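Reviewing the structure listed below.
The values are calculated or read from the model by the stated rules, or taken from the named source; none is laboratory data. Quick caveat, the model's predicted, so the values are computed rather than measured. Ideal geometry is used to build each Cβ from the backbone, glycine not excepted, and the neighbour counts take in all protein chains shown. With ligands, DNA and RNA removed, areas are computed over all heavy atoms of the protein, side chains included. Shrake-Rupley method; radii C 1.70, N 1.55, O 1.52, S 1.80 Å.
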Amino acid sequence: MLHAIQSKISVLKSELDYKVALWNHEKNLPTLESGDNLISEALKKEGVYITSLAELALPSTAQLLSAANSQLSSLVSPRYIDKGYKLPQIYTVADLPEFSNWGIEERLQKIIENYIGLPIAFHGVHLRKDFPNEQQLQTLLWHKDAEDRRMIKVIIYLNDVTKEHGPFEYVPLPRNFLERLRNYQIDYELKKTNYLGINDDKFSKIIPKSAWKSCPGKAGTVIFVDPRNVLHHGTVRREERSTLFFVYTANSPKRPELCTQYNDETFAKPNQQLTANGIG
Ligand SMILES: [Fe+2]
């Protein structure tokens with residue numbers, strides 16, 4: 001009992017410290033050019049903003065694309081299948097300057113800091129290839145990520161993504177009482193799954209399909225998303241889909257242990273392809 005009270009107090013204190021830190025940092029937030037401000041404001045309202053590499057026009061994009069295409073050409077078919085489900089091939093490419101230089105582009109970091117509201121940490125980059133699967137499992141289930149209170153993943157499509165390729169899909173942040181209520185219901189259902197996720201069938205009984213937003217797009221599409229606060233998933237696909245995921249949180253995230261996977265040995269690095277995912 002005493003332990004439960006102590007742990008509740010510690011949670012409350014950490015949330016209070018977070019609010020104070022947000023408040024203290026507000027005056028130091030970088031100012032953004034109007035187009036970039038649009039991204040940050042859309043993230044606050046909707047939780048997602050979709051643009052393209054061409055529109056963002058960050059100086060190191062050409063090097064990023066060339067490195068991504070060269071790494072992609074060495075990715076092979078899935079080597080690990082779990083109960084009939086083909087797991088994605090994931091490579092941690094944060095150590096390669098072509099990827100990390102893009103991830104620390106000043107304009108990009110300013111947009112993300114402006115949204116997160118605190119000094120940020122860039123945790124790394126995954127290059128991943130997702131394979132056709134008929135079952136809705138793993139990240140194809142509706143879920144929320146858990147690394148921090150607010151976080152950003154920047155997803156880049158490396159091939160054209162149609163319905164067949166399993167585009168990213170999400171539900172915008174709730175805007176009224178009813179939507180908030182539905183979100184709480186989903187949070188409750190997620191807890192019951194131990195946060196593994198909910199399938200379309202169950203999800204649609206609480207949040208109707210009309211509220212889901214699918215994100216097909218050409219190669220070079222860039223999706224900014226706060227996957228902690230936005231319900232999301234990848235959809236069942238018949239074609240392969242290649243993407244990059246750049247990951248950012250506040251500089252002292254709530255769950256630092258979940259952030260290391262974007263730069264450590266959890267997934268293969270380009271020079272260790274024979275032991276991809278430690279399961280090669
Ligand atoms: Fe996710």
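Here are a few things to note about the model shown:
- Size of charge dipole - region 64-119 - debye, nearest 20, with Cβ of Lys, Arg +1 and Asp, Glu -1, no other charges: 320
- Among the listed pairs 8/153; 218/254; 44/191; 110/192, a Cα-Cα separation exceeding 27 Å is found for 8/153; 218/254; 110/192.
- Relative protection proxy for 51-61, 90-100, from highest mean packing down: 90-100, 51-61 (other beta-carbon atoms within 10 angstrom).
- Contact order for the chain, expressed relative to its length and based on alpha carbon pairs under 8 Å spaced 6+ residues apart, stands at 30 percent.
- For region 31-262, size of Cβ-based charge dipole, Lys and Arg +1, Asp and Glu -1, in debye: 800
- Residue-normalised accessible area of region 31-262, given per residue in Å² at a 1.4 Å probe: 46
- By average C-beta atoms within 10 angstrom, highest first, the peptides 32-41, 136-145, 8-17: 136-145, 32-41, 8-17
- Our note on the geometry: Cα centres of region 141-188 and region 1-34, 23 Å apart.
- Among the protein heavy atoms of the chain, carbon and sulfur supply 55% of the accessible surface, probe 1.4 Å, non-protein parts ignored.
- Charge dipole (Cα centre; +1 on Lys/Arg Cβ, -1 on Asp/Glu Cβ; no other charges) of region 198-273 amounts to roughly 340 debye.
- Largest-first ellipsoid semi-axes for the chain, taking √(5λ) over the Cα gyration tensor eigenvalues, angstrom: 28, 24, 20
- Region 193-265: trypsin sites (Lys or Arg not before Pro) in DSSP coil with no more than 14 other Cβ atoms inside 10 Å: 218, 238
- Volume per residue of the convex hull around the Cα atoms, evaluated for region 1-121, comes out as 203 Å³.
- Value in Å of the Kirkwood radius, where region 71-183 supplies the Cα pairs that are averaged: 17.0
- Relative contact order %, region 134-280, counting alpha carbon pairs below 8 Å whose residues are six or more apart: 46
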